[in-house]
Amino acid sequence: MIFIFLGPPGSGKGTQAKRLTALRGWPQLSTGDMLRANIQAGTSLGLEAKKLMDQGSLVPDAVVVGMIQDRIQNSDCVNGFILDGFPRTVVQAEALGNLLASKSLAVSRVFEFLIPDEELIARLTGRRTCTKCSAMFHILSAPPRVPGVCDRCQSDLEQRKDDSVEVISKRLKVYHDQTSPLVQYYSKKGILTTLDAVASMDIVEKTILASL
Ligand code: AP5
């Protein structure tokens, strides 16, 4: 099974991808996480991507398509995977379709996380991520037991640099301009399921599981 989690920044794609991975074992393929790993490792790709990510712009299509092309060769993808934050443009969606078709595969279902922009500012400014294990928290809706410390591995939590109000506004504009056309793109293919992403994390999870 191959799933796409499509939605604006902060809509809960990463949260639900991690839950589905834990429940069903399909790996989460997050292009955002892959790019941040490159930044952390100081690769030239990471250095180039950092400038764009810090200002809320998209990284070039060829870069993210190449990363996904490499990642899906891994043996853990053989029974399927969850694409979190990819594709983000029609060019990426077309490239993904071609890539999968060359392996006689196709996207099984696209989940659109529908949520008003106003909700997203609070979600993103309150998000905290573990510097070591990437576990995710929210200072109000999913707080860690000890403020600033990861429940799982006791490492420090940090706020993402692109989670400032200014950069969030830019990311939302980029989503509406460049990514939202994918809703129609996948709807026309008859594989789109729209979720109410304002609902609690447990309700969103139940809705996804019920649609599988
Ligand atoms: P990326 O890392 O993919 O960020 P994003 O899409 O902007 O998504 P987020 O990770 O911010 O949010 P999310 O929907 O996963 O929400 P989450 O579950 O964390 O991309 C970052 C950058 O990398 C991009 O701007 C771009 O520059 C580049 N990039 C990445 N992919 C690219 C691509 N394909 N092409 C080009 N460039 C690319 O939840 C957010 C918060 O809300 C958390 O604190 C969580 O606890 C809380 N929360 C989640 N669900 C709920 C709920 N139901 N109720 C209450 N709170 C909730």
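Quick notes
- Taken over the range 25-56, the criterion of being open to solvent by less than 30 Å² (accessible area, probe 1.4 Å) and among the hydroxyl-bearing types (Ser, Thr, Tyr) is satisfied by Ser30, Thr31.
Each row is one residue, and each column tells you yes or no for (1) part of a helix (DSSP H, G or I); (2) under 17 Å from His176 (Cα atoms).
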{"site": "Gly46", "(1), (2)": "yes, no"}
{"site": "Leu52", "(1), (2)": "yes, no"}
{"site": "Val59", "(1), (2)": "no, yes"}
{"site": "Val63", "(1), (2)": "yes, no"}
{"site": "Gly66", "(1), (2)": "yes, no"}
{"site": "Asp70", "(1), (2)": "yes, no"}
{"site": "Asp76", "(1), (2)": "yes, no"}
{"site": "Asn79", "(1), (2)": "no, no"}
{"site": "Phe86", "(1), (2)": "no, yes"}
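- Within the range 109-155, the residues that satisfy the criterion of being more than 10 Å from the ligand (Cβ to nearest atom) and outside any loop (DSSP other than H, G, I, E, B) are Arg109, Val110, Phe111, Glu112, Leu114, Asp117, Glu118, Ile121, Cys130, Val146, Val149.
- Residue list for the range 19-73, filter: of a type in the set (Lys, Arg), within 11 Å of the ligand (Cβ to nearest atom) and either over 26 Å from Met201 (Cβ atoms) or touching a strand residue (DSSP E or B) at 6+ places or on another chain (Cβ under 6 Å) (or both): Lys50, Lys51
- For the range 161-196, a residue qualifies if it is among the aliphatic types (A, V, I, L, M) and out of contact with any Asp or Glu (no Cβ under 8 Å at 6 or more places or on another chain), and the qualifying residues are Val165, Val174, Leu182, Ile191.
- Verdict on Asp151 being without any contact (Cβ under 8 Å) to a residue 24 or more places away in the chain and surrounded by 13 or more Cβ atoms within 10 Å (Cβ to Cβ): yes
- Those helices (runs of 4 or more DSSP H) lying entirely in the range 165-212 with at least 1 residues near the ligand (Cβ under 9 Å from one of its atoms) and open to solvent by less than 80 Å² (accessible area, probe 1.4 Å): 165-174, 201-211
- A Cβ distance below 7 Å, combined with a sequence gap of six or more or placement on separate chains, defines the contacts here; from the range 87-107, residues that are of a type in the set (A, V, I, L, M, F, W, C) and within 15 Å of the ligand (Cβ to nearest atom) reach residues that are open to solvent by 70 Å² or more (accessible area, probe 1.4 Å) and assigned to a helix (DSSP H, G or I) in the pairs Leu99/Gln69.
The values are calculated or read from the model by the stated rules, or taken from the named source; none is laboratory data. Computed from a prediction, not measured in an experiment: that's the story for all the values here. Reconstructed Cβ throughout: ideal geometry from the backbone, glycine too, with neighbour counts over all protein chains shown. Please note that ligands, DNA and RNA were not included when accessible areas were found on the heavy atoms of the full protein model with its side chains. Shrake-Rupley method; radii C 1.70, N 1.55, O 1.52, S 1.80 Å.
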